[in-house]
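Let me begin by presenting the structure, written as structure tokens, before commenting on it.
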Amino acid sequence: MEKIPILRMGPYLLVTIQVDLYDRLALNLEADLIQTVNKTGARGVLIDISAVTIVDSFMGRIIGNIASMARILDAETVVVGMQPAVAITLIELGLPLKGVYTALNVEKGMELLKARIGPDHDEQDDEDDDAGIE
């Protein structure tokens, strides 16, 4: 079964979607991502869709669902790399993606997550990591 990798970077999770998602893969990503947020206590989710060329209403709802569920688990969601055609399609489908922040690229997306979560959280994570090392 094909899976989309979820990488952990400190308090953030990074997902890079390199293929057009079919329904089963999108549902698996949604479940895996929310389980990973819950398990790791991640405070931010960055989803890179720069390689995605086709988005239908189902995929748009999945992205919105991920953001809503992540928010319930105290994590912000940022989608980066959206192609103009994808943005147009989402608007034409009437999918505003409430609760989903967007940025042009991964670098700007990480800056946005850091701004949304606050710098104090990163410092606290570093202190927690250092406290466990003897």
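We did not get these values from a lab; they are worked out from the coordinates using the rules stated. Small disclaimer: the values here were computed from a predicted structure and weren't measured. With ideal geometry, Cβ positions are generated from the backbone for all residues, glycine too; neighbour counts draw on all protein chains shown.
Report, by chain and number, residues whose modeled amide H sits under 5 Å from the one on residue 76, excluding near sequence neighbours (fewer than 5 apart, same chain).
44, 45
Between residue 68 and residue 35, how high is the FRET efficiency from 1/(1 + (r/R0)^6) when r is the Cβ-Cβ distance and R₀ = 22 Å? Nearest 0.05.
0.90
Taking H placed 1.01 Å from N in the peptide plane, check which residues at least 5 places from residue 102 or on another chain put their amide H under 5 Å from its amide H.
Amide H to amide H, under 5 Å and 5 or more residues apart or across chains, residue 102 pairs with 79.
Using θ = phi - 60° and the Karplus curve 6.51 cos²θ - 1.76 cosθ + 1.60, what whole-Hz ³J(HN,Hα) does each residue of the range 88-102 get, with Gly and Pro shown as x?
So the Karplus estimates, Gly and Pro as x, are 4, 4, 4, 5, 4, 7, x, 9, x, 6, 4, x, 9, 8, 10 Hz.
Work out, step by step, the length gained on full extension between residue 87 and residue 7: first 0.36 nm times the residue separation, then minus their alpha carbon distance; give nm to one decimal.
So the chain would gain 26.3 nm between residue 87 and residue 7.
Tell me, what HN-Hα J-couplings in whole Hz come from the Karplus equation 6.51 cos²θ - 1.76 cosθ + 1.60 at θ = phi - 60° for each residue of the range 37-45, using x for Gly and Pro?
Using θ = phi - 60°, the values come out as 4, 5, 5, 8, x, 4, 9, x, 10 Hz.
Please arrange 76, 30, 2 by how many other C-beta atoms lie within 10 Å of their C-beta, fewest to most.
Fewest-to-most ranking of 76, 30, 2: 2, 30, 76.
Specify the angular offset, from 0 to 90 degrees and rounded to the nearest 10, of the alpha carbon long axis of helix 57-72 from the longest principal axis of the alpha carbons in the chain.
Result, in degrees: 20.
Per residue of the chain, what 222 nm ellipticity follows from adding -39500 (n - 2.57) for every DSSP H run with n ≥ 4, rounded to the nearest 500?
-16500 deg cm²/dmol
Between residue 57 and residue 111, take the C-beta separation as r, use R0 = 30 Å, and let me know the FRET efficiency to the nearest 0.05.
0.50
Going by average Cβ neighbours within 10 Å, how do the peptides 83-89, 54-60 rank, with the highest at the top?
54-60, 83-89
With θ taken as phi - 60° and the coefficients 6.51, -1.76 and 1.60, list the Karplus ³J(HN,Hα) couplings across the range 17-28 in order, rounded to whole Hz; mark glycine and proline as x.
My calculation for the range 17-28 gives 8, 9, 10, 6, 7, 8, 4, 5, 5, 5, 5, 5 Hz in order.
To test your reading of the geometry: what angle, between 0 and 90 degrees and rounded to tens, separates the Cα axis of helix 119-131 from the longest principal axis of the chain?
Helix 119-131 sits at roughly 50 degrees to that axis.
Relative contact order, percent, of the chain when contacts are C-alpha pairs under 8 Å separated by at least 6 residues?
24
Quick one: helix 106-117 against the long Cα principal axis of the chain, what's the angle to the nearest 10°, folded into 0 to 90?
Its long axis makes an angle of about 60 degrees.
Choose one answer from 66, 47, 17: the residue with the largest mean-square fluctuation in a GNM of the chain with alpha-carbon springs under 10 Å.
Per the Cα network of the chain with a 10 Å cutoff, 17 tops the list.
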